[in-house]
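Asks: Quick one: the structure is below, and I'll ask about it shortly.
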Ligand SMILES: Nc1nc2c(ncn2[C@@H]2O[C@H](COP(=O)(O)OP(=O)(O)OP(=O)(O)O)[C@@H](O)[C@H]2O)c(=O)[nH]1
Ligand SMILES: [Mg+2]
């Protein structure tokens, strides 16, 4: 099992919890409860289906495994609160992450502008530079057509500035598109992982390993 930790950040009420719930298959809530501090979700992906061929080939070579061997990828998602009072807790999670989803609300332009602060915050607090983790920008609430304050051009500019891909989604309406967001991120993190020593899921006990297995646990990552 390959484990990736990722963080979801952005202003309050942009739809971070709704995005995560959508990905985890939980129903959309019109009155989603604000997150207190940080909450957590996880999901296992079938790496054989999700990971790009060239990366899988590299992986099989590197691990001396047969082509078509199963690759289970577990994403541990830290979904953070956008409220200012939880800011210091949230930034403490930047230290260990392999990937980040920066979320803005297309109906509130200031939430896009605040992504600059989020990204700078990341750069100040994290161990690995942004260029060495998986990262995507998500512009949420695309279903609210009459209220859009963020354009594709704005997103192009932000994506260009930080060299991060972006996705326009509705956590209310889209399912496949949101799965694509997480799959894109998984591929970025997988590419970084291939550049670094093997990580295994610390929750899984491997009976063939010496007991100090957790001391050998290393973080991964470099962007594709
Ligand atoms: N129409 C529409 N509403 C959405 C969408 N995503 C979220 N919402 C609504 O926006 C509100 C805030 O969503 P949350 O998911 O709680 O936002 P959050 O970013 O997790 O907020 P905090 O936890 O407080 O930081 C809720 O009322 C959701 O129902 C969307 O794509 N479309
Ligand atoms: Mg939330």
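Asks: Taking residue 74, is it under 25 Å from residue 176 (Cα atoms) and surrounded by 12 or more Cβ atoms within 10 Å (Cβ to Cβ)?
Replies: Details: under 25 Å from residue 176 (Cα atoms): yes; surrounded by 12 or more Cβ atoms within 10 Å (Cβ to Cβ): yes.
Answer is yes for this residue.
Asks: Within the range 10-32, restricting attention to residues that are crowded, with 22+ Cβ neighbours inside 10 Å and under 30 Å from residue 59 (Cα atoms), which residue is farthest from ligand 2 (Cβ to nearest atom)?
Replies: Restricting to residues being crowded, with 22+ Cβ neighbours inside 10 Å and under 30 Å from residue 59 (Cα atoms), the top hit is 22.
Asks: Of all residues in the range 77-86, count the ones that are loosely packed, with under 14 Cβ neighbours inside 10 Å and within 29 Å of residue 168 (Cβ to Cβ). I'd like the intermediate steps shown before the answer.
Replies: In the first step, residues of the range 77-86 are kept if they are loosely packed, with under 14 Cβ neighbours inside 10 Å; the result is 84-85.
Filter once more, keeping what is within 29 Å of residue 168 (Cβ to Cβ): 84.
The number of residues fulfilling the criteria is 1.
Asks: Somewhere in the range 142-160, is a residue at pLDDT 95 or above, in contact with a strand residue (DSSP E or B) (Cβ under 7 Å, 6 or more places away or on another chain), within 23 Å of residue 62 (Cβ to Cβ) and not in a loop (DSSP other than H, G, I, E, B)?
Replies: no
Asks: Do we find a residue being in contact with a helix residue (DSSP H, G or I) (Cβ under 9 Å, 6 or more places away or on another chain), more than 19 Å from residue 3 (Cα to Cα), free of Cβ contacts under 8 Å to residues at least 24 places away in the same chain and loosely packed, with under 13 Cβ neighbours inside 10 Å anywhere in the range 89-102?
Replies: Taking every residue of the range 89-102 in turn, none turns out to be in contact with a helix residue (DSSP H, G or I) (Cβ under 9 Å, 6 or more places away or on another chain), more than 19 Å from residue 3 (Cα to Cα), free of Cβ contacts under 8 Å to residues at least 24 places away in the same chain and loosely packed, with under 13 Cβ neighbours inside 10 Å.
Asks: Taking the stated definitions as given, is residue 35 within 15 Å of ligand 2 (Cβ to nearest atom) and closer than 21 Å to residue 167 by Cα? Before the answer, list the steps.
Replies: Details: within 15 Å of ligand 2 (Cβ to nearest atom): yes; closer than 21 Å to residue 167 by Cα: no.
When the stated conditions are applied, residue 35 does not pass them.
The values are calculated or read from the model by the stated rules, or taken from the named source; none is laboratory data. Note that the structure is a prediction, hence the values are computed from the model and not measured. A quick note on method: Cβ atoms are made from the backbone with ideal geometry, for glycine too, and the neighbour counts reach across all protein chains shown.
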